[in-house]
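In what follows, a single structure is set out as C-alpha cells and then discussed.
Derivation of every value follows stated rules applied to the coordinates shown; laboratory data play no part. Please read all numbers here as calculations on a predicted model, not as lab measurements. Neighbour counts run over all protein chains shown; Cβ positions are idealised from the backbone, glycine included.
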Amino acid sequence: MQEILFFVLAAVAVLSALGMLLNKNPVYSVLLLIVTLFSIAGLYVLLNASFIAAVHLIVYAGAIMVLFLFVIMLLDIRADVEHINLKRLSRILALLATFIFLGETFLIIWMSLKGKAAFVGLGEGILGDVPSVGELLFTKYLLPFEIASVLLLVAIVGAIILAKRKLRPEPPAA
Amino acid sequence: MQELIQAVQNSQTFLSGLSEAALAIIFFVLFGLVFATVAAVCALVFVYLERKISAHMQDRLGPMEVNTGIPLLKNIGHGWAQTLADAFKLLLKEDIVPNAADRRLHLIAPFILFCAVIAAFSVMPFGEKLVVSDMNIGVFFVLAITSFSVIGVILAGWASNNKWSLLGGMRSAAQIVSYEIPSGLVVLVIVMQVGSLRFNDIVMAQAGGILHWHIFQFFPLNLIAFIISFLATLAEANRAPFDLPEAESELTAGFATEYSGFKWAIFYLSEYANMFLIGIFLSALFLGGWTSPFGSLFGGFFDKPGWQPVWIILKAVAIIFLQMWLRWTLPRLRVDQLMYTSWKVLTPFAFVTIFGVGLWMLF
C-alpha cells in the first residue's frame, strides 16, 4: 500500500514539475507547481512527518503560491510571452545550480552504495510529529531557529517600510 | 480507518477476501461520496433556512409556494421544496463558458474550492468513533487544506476573463490570506490548554457539561478567542458582512459572475458546506464538540454515544444561525475597513489572548 502510494506520488511530483517547467502559460505553471508541492506533502506523510506535511501545505501551497498567482494575474502575463531572454549572468547561475544539484544527487547515491548514509524507510520516520519538531527546534537547533525568526522579522519590517514609502495622509479609518 | 479495515477483513462477507490496499481505496471513495452527498443535502437545507430566516427578519414570508403538490396538503409546508426545485433548475440550465475564458481553468476552479472544503470534513469529529481519520494534527490539517480554497476562488476570477470576476478573485485572495492569520492564531489558544492537535482530545477535554466548555474557561480570554475565531472564519467563508468578493452592487457577482448552471451550483454548495464545516470546527474547539451540555444530569442519559452526532450538529446549526443572523443584520464592510479589522483589531487581540492564556497557565 505504502509502496504504491509512494510511486504514484513520486511520479505525479516529477511529471507536474516537468510540466511546470515546460508550460508556457505562467498560471498553468503555478498550478502544476502546487500539484508538485501537494504530492511532496504526501511523501512527508508517508515518512510519518504529518506535521511537516501540513506546514508545507500552509506555507507553500496556501500562502506563497497564492502570492505568485496574485502577481501573475495583476501583471497579466499571458501565454504569448514567448521568448524569455536569459541574461548571461543568470545562465551561469543556472548552470552552477544544476551542477550543485547533480553533485548532491551523485553524492547521496554514492554514500548509500557505500552504506554510509542512513535512510528512513516508509512509515518509519519519528522526527516529523509535533513534539519532536518542537523539541529539536528549542534544544539542538535553537540558534538557527532564532536566526531564522530574526530574519523573518527583518523581512516583515522591510516590507512595511517599502509599502509605506509614499506616505500620504491616511484616510479616516473605520 | 485501520480498525474498520481490520473488521471488514475479519468478517465473513464477500469483502473479506480483498487486500488492505483495495479496501482502503474503496473506503476512501465511499467516504468521499458520502461527504459530498451530505454536503449537498446540507446545502439544500441551509439555503432554505437562510431564505426563511432572512424573510422573517425582514417581515416577509419567504418561499411559500413550492410544496408537495398532494391535493389536500397543497398549501402546507412553508415552501419546503423550493430549494429542491431550484437545484433541479440549476442542473438543467445551460452551462455557459465565455469565449475569451480559459476553458480548462474555468472548469476546474469550482471543483478546487469544493474539494478543499470537503477534504476538511475527513477529520471532523461527529462522535468519538464517528470520524474518518482522527489524525494527531487534525486542527492543523483543517487550516492547511482549507487554505486551498483561495486558489479555487482566484482561479475562477482569472479564468473567467472578466474584470469583475478578476477584482472579486483578487479581493477574495487578499481577504482570505489576511484572515487566516487571526483564525490560525486563536486555534493556538485552545491547543495550548489541551496540549494536543487531535480533535477528539480537544473535545474530551471539555467533557462534563456546559461549564467545562472551552468558551467558559479562562474567562474572558477564551470568549474573546471564540469571537475572533468566529469573525475570522466568517470572513474566510466570504460571508456577509465580509462578502466583498461577490459584492453584488459593485461587482455583479464577483468571481462567480461568469458561472452558470452546474458549476455555479458547485460554488453555492461549497459556500454552505464551508459554513457547516466552520460550525463543526468551532463547536469542537469551543463548544464541547460531541459532548452533551448536561454532563451527568439526567443520570448521564444525554451522554450516551448515540447522542454525540446530534449534539455536535445542533451546535453547528446554532453557529450557522448566528452567521445568517449577522448577514441579514449588518451592512457590508469597505475594503479598508476589512483590512483594518483583520490586522489592527483581530490579530492584536489574538496575540493578547495567547499571551494571557500562557501567563494564566504558568501561574
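To one decimal place, what Kirkwood hydrodynamic radius in Å is obtained for segment B:76-166 from all pairs of distinct Cα atoms?
Values: mean 1/r = 0.0626 Å⁻¹.
After inverting the mean inverse Cα-Cα distance, the result is 16.0 Å.
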_Projected label distance in nm at B:ARG103 and A:LEU152, using a 7 Å step from Cα toward the beta-carbon_ = 4.4
_Full-extension gain between B:SER260 and B:LYS89, please, as 0.36 nm times their residue separation minus the C-alpha to C-alpha distance._
60.5 nm
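Work out the FRET efficiency for A:VAL59 and B:MET57 from their Cβ-Cβ distance, taking R0 = 35 Å, and round it to the nearest 0.05. Show your work: numbers first, answer last.
Values: r = 41 Å, r/R0 = 1.18.
So, using R0 = 35 Å, E works out to roughly 0.25.
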_Charge dipole (the protein assembly as shown, unit charges on Cβ, about Cα centre) - positive-most of A:VAL55, A:PRO131, B:VAL310_ = A:VAL55
_Positive-pole candidate from B:VAL45, B:ILE227, A:GLY115, dipole of the protein assembly as shown, charges at beta carbon_ = B:ILE227
*If you count, for each residue, the other Cβ atoms within 10 Å and average over each peptide, how do B:150-161, B:302-313, B:205-216 line up from highest to lowest?*
B:150-161, B:205-216, B:302-313
*Ranked B:ILE176, B:ILE354, A:ILE160, criterion: other C-beta atoms within 10 Å, fewest first*: A:ILE160, B:ILE354, B:ILE176
*For a footprinting-style exposure proxy, rank A:ASP129, B:ASP336 by other Cβ within 10 Å, fewest first.*
B:ASP336, A:ASP129
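In cubic angstrom, how much convex hull volume per residue do the alpha carbon atoms of chain B span? Mind dumping the intermediate values first?
Numbers: hull volume 67.0 nm³, N = 363.
Cα-based convex hull of chain B, divided per residue, equals 185 Å³.
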_FRET efficiency estimate (nearest 0.05) - Cβ-Cβ, A:LEU142 to B:PHE219, R0 25 angstrom_ = 0.10
*With r defined as the distance between the Cβ atoms of B:GLU20 and A:VAL12 and R0 fixed at 30 Å, what FRET efficiency is calculated, to the nearest 0.05?*
0.85
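Given the Cα-Cα distance of A:ILE109 and A:LEU162 and 0.36 nm per residue of separation, how much length would full extension add, in nm?
Values: separation 53, 0.36 × 53 = 19.08 nm, distance 4.49 nm.
So the chain would gain 14.6 nm between A:ILE109 and A:LEU162.
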